[in-house]
Amino acid sequence: MPDNRILYIRPEAKEKMFKYKQVRWTDKEAGGILIGRILSEDENFIIDDVSEPMPTDKRRRTRFSRKVEGHQEYMNDAFEREEGSCFYLGEWHTHPQRIPIPSSVDRNDWNRLLKIGFESSCLFFVIVGLEDLKVWYGYGEEPIIVELKRRGI
């Protein structure tokens, strides 16, 4: 990240997202929220879990619109289970692309979320493609969004 902190995505969270890769022509985009922690000793981030698509979400081949219903309850359950030590860290969704690239709709949604303000001073945005997962990091009052480079898989 620009401030030299590190984002780690737990394998279980990756597996949940990878279940929704759009490998068939009929597969629809999927997504959810990122739930994780900020480590007190070094302020690095860990994504521990993700919510999965809910029945109220709008899913199309090339569009995903996450609704609050279901995802908020999932976050509330995680917050209670972890005794308040987890946070909303951002959003994830799939793209039917080999290597995912955010659309203008994605970037507009990300900018809107960054202006709301959450527990952390930044948010992460994950897009799962057919061959790769990419992560973007957004921060600032006038949102700045940068693609993160991977150190390891």
Subject >> Number of positions in the stretch 27-75 that are closer than 17 Å to Phe125 by Cβ and among the aromatic types (Phe, Trp, Tyr) >> reply: 2
Original post:
So which residues in the stretch 1-48 are of a type in the set (D, E, K, R) and not in a loop (DSSP other than H, G, I, E, B), if there are any at all?
Top reply: Glu12, Lys14, Glu15, Lys16, Arg37, Asp48
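Considering only the stretch 82-105, how many residues are buried (at least 19 other Cβ atoms within 10 Å of the Cβ) and over 15 Å from the mean Cα position of the chain (by Cα)? Outline the logic, then answer.
Of the stretch 82-105, the ones buried (at least 19 other Cβ atoms within 10 Å of the Cβ) are 86-95, 100.
Checking which are over 15 Å from the mean Cα position of the chain (by Cα) leaves us with none.
So the count comes out to 0.
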Original post:
Can you find a residue in the stretch 89-99 that is outside any strand (DSSP E or B), touching a strand residue (DSSP E or B) at 6+ places or on another chain (Cβ under 9 Å) and β-branched (Val, Ile, Thr)?
Top reply: yes
Original post:
In the stretch 49-81, what count of residues is obtained for those that are exposed (fewer than 15 other Cβ atoms within 10 Å of the Cβ), out of contact with any Gly (no Cβ under 8 Å at 6 or more places or on another chain) and assigned to a loop (DSSP other than H, G, I, E, B)?
Top reply: 5
**OP:** Among what's in the stretch 106-131 and is surrounded by fewer than 11 Cβ atoms within 10 Å (Cβ to Cβ) and among the acidic types (Asp, Glu), pick the residue that is farthest from the chain's Cα centre (by Cα).
**Re:** Glu131
**OP:** Only residues in the stretch 1-21 that are farther than 15 Å from Phe124 by Cα count as the first member; pair them with residues that are modelled with pLDDT of 95 or more and acidic (Asp, Glu), Cβ under 7 angstrom, at least 6 apart or cross-chain, and list the lot.
**Re:** Lys16/Glu52
**OP:** Residue by residue through the stretch 104-153, note down the ones that are out of contact with any Leu (no Cβ under 8 Å at 6 or more places or on another chain), part of a helix (DSSP H, G or I) and of a type in the set (A, V, I, L, M, F, W, C).
**Re:** Val105, Ile116
**OP:** Name the one entry in Lys149, Lys134 that is exposed (fewer than 13 other Cβ atoms within 10 Å of the Cβ) and more than 13 Å from Gly31 (Cβ to Cβ).
**Re:** Lys149
Original post:
Residues of the stretch 83-115 being in contact (Cβ under 8 Å) with a residue 12 or more places away in the chain and among the acidic types (Asp, Glu), which ones?
Top reply: Glu91, Asp106, Asp109
Original post:
Where residues in the stretch 1-48 are exposed (fewer than 11 other Cβ atoms within 10 Å of the Cβ) and acidic (Asp, Glu), which of them is nearest to the chain's Cα centre (by Cα)?
Top reply: Glu15
**OP:** Take the stretch 61-77 and flag every residue that is touching a Ser or Thr at 6+ places or on another chain (Cβ under 7 Å) and hydroxyl-bearing (Ser, Thr, Tyr).
**Re:** Tyr74
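The values are calculated or read from the model by the stated rules, or taken from the named source; none is laboratory data. Predicted, not measured: the structure shown is a model, and the values here were computed from it. Because the Cβ atoms are built from the backbone with ideal geometry, glycine has one as well, and the counts that use them run over all protein chains shown.
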